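So the structure is just underneath, and the comments pick up after that.
The values are calculated or read from the model by the stated rules, or taken from the named source; none is laboratory data. Computed from a predicted structure; not experimentally measured. Positions of Cβ are backbone-derived with ideal geometry, glycine not excepted, and every protein chain shown enters the neighbour counts. Surface areas here come from the heavy atoms of the whole protein model, side chains and all, with no ligands, DNA or RNA. Shrake-Rupley method; radii C 1.70, N 1.55, O 1.52, S 1.80 Å.
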Amino acid sequence: MNVLVTGGAGYIGSHAALRLLETGHAVTIVDDLSRGRRAAVDRLEPLGDLAFVETDIGARERVAGVFRDRRIDLVMHFGALAYVGESVEQPLRYYRSNAAGTLAVLEAMEDAGVTRIVFSSTCATYGAPSSEDIPITEDCPPQPINPYGRSKLMAERMVTDLADRKRAGGGDFAATILRYFNVTGCDPAGRLGEDHRPETHLVPICLEAALGGRPNVSIFGTDYATPDGTCIRDYVHVDDLIDAHLASMEALAPGDVRTYNVGTGRGHSVREVVDACRRVTGVDFDVTEAPRRPGDPPVLYADPSRIGRDLGWTARRTDLDTTIADAWRWKREHPNGYE
Ligand code: UFG
């Protein structure tokens, strides 16, 4: 299949491109490199039929040319901004990238007659579910509490509204929306890793502290209504997440729109993650207690049973230390990321 991967130079998109190439698909990465890394694409180039186009997804003529020239069959749309805190500071930037960006992808698909999409969404669409909604099923009402979650929910609605319209008109549009929980780890073979600038995610921040690149790790909020007072998240290995994409892609059926949670089904507190990072790295890095970070919901972990039932997907790496160990191996070998 000829797959267009938006955001394919980014952390998750590059891992998807890697797997698609390894399984014999032709991949076209579209990325404006605002957050993605050209060096990640360079590592993918020897692995198969890969084209890279550096452009904003909103460049309609250019993107139309890409769809035509590469005879695209299916889109995996990863390209997005994904920092909760930043979205609170710069909401319009998030609506442009995540909502308007998805609009541009869907318009480009319509122009090109492409009818299949796997869309990267997020558990941030759920907001701060009440305790009876934990673990979170896909039926939990979406009530995002930050612009990031709202911009992704808007994008989801565009996908489902378009799918409804196509279905009503007898068209064969097919979409799967994957709501990721906290994606962690990296390619177990160490070819790709996580290299965000700026880095805000808990696991890489702990690993940077273990390497001495940061004086300490701040725990944002120790007064949440959780057993140890810190936020609880569901840390899913990126390789498992990519399994879910491949399974979704293969299952896309004309007229179908599906939404799945992709998580392990287990929650870990910030303190538990810090302890796991200390265990895996063998470094007892310093921790300080800091105020809550705006936009953070207290508890988010998945009930992933729907994707298990429908697609047979389940997270294979449910041991946090194993997931962190993959991230640590890459970080140790690439203390400055891809540079
Ligand atoms: N945290 C700290 N200190 C840090 C960094 C993070 O205490 O230095 C805490 C956060 O406050 C949060 C937890 O660790 O409670 C996880 O934070 P991350 O930034 O690693 O991840 P988020 O949960 O904020 O965000 C992730 C993804 C988003 C996704 C979101 C859903 O990055 O794309 O989960 O909430 F939408």
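Mean projected area of the Cα convex hull of segment 1-120, taken over all directions, amounts to 6.6 nm².
Here the mean projected area of the convex hull built on the C-alpha positions of segment 45-113 is 5.5 nm².
Taking only the Cα atoms of segment 294-334, the ratio Rg/Rh comes out at 1.13, with Rh defined as the Kirkwood radius.
Put simply, when 289-297, 164-172 are sorted by average Cβ atoms within 10 angstrom per residue, most first, you get 289-297, 164-172.
At the listed q of 0.16, 0.19 Å⁻¹, the Debye profile of segment 175-326, built from one uniform point per Cα, gives log10 I(q)/I(0) equal to -0.91, -1.19.
Amide hydrogen proximity for Ile29: with H placed 1.01 Å from N in the peptide plane, the residues at 5 or more positions away or on another chain lying under 5 Å are Val5, Ala51, Phe52, Val53. For the chain, the Cys residues with no second cysteine's beta carbon closer than 4.7 Å are Cys123, Cys140, Cys186, Cys231.
Helix 238-251 axis versus longest C-alpha principal axis of the chain: approximately 20°, rounded to the nearest ten. Summarising the overall dimensions of the chain from its C-alpha atoms, the Rg and Dmax are 19.1, 60 angstrom.
Rounded to the nearest 20 debye, the dipole size of segment 198-255 about its Cα centre is 220 debye, using +1 on the Cβ of Lys and Arg and -1 on the Cβ of Asp and Glu. Taken per residue, the accessible surface of the chain reaches 41 Å², heavy atoms only and a 1.4 Å probe. Taking the longest Cα principal axis of the chain as reference, the axis of helix 11-22 is set at about 60 degrees. When peptides 268-274, 90-96 are sorted by average Cβ neighbour count within 10 Å, with the highest value leading, the order is 268-274, 90-96.
Of the accessible area of the chain, computed with a 1.4 Å probe over protein heavy atoms only, carbon and sulfur atoms account for 47 percent. For the options Gly193, Gly185, Gly101, a Gaussian network treatment of the chain with springs between C-alpha atoms closer than 10 Å singles out Gly101 as fluctuating the most.
Quotient of the Cα radius of gyration of segment 177-251 and 2.2 N^0.38 Å, N being its number of residues: 1.34.
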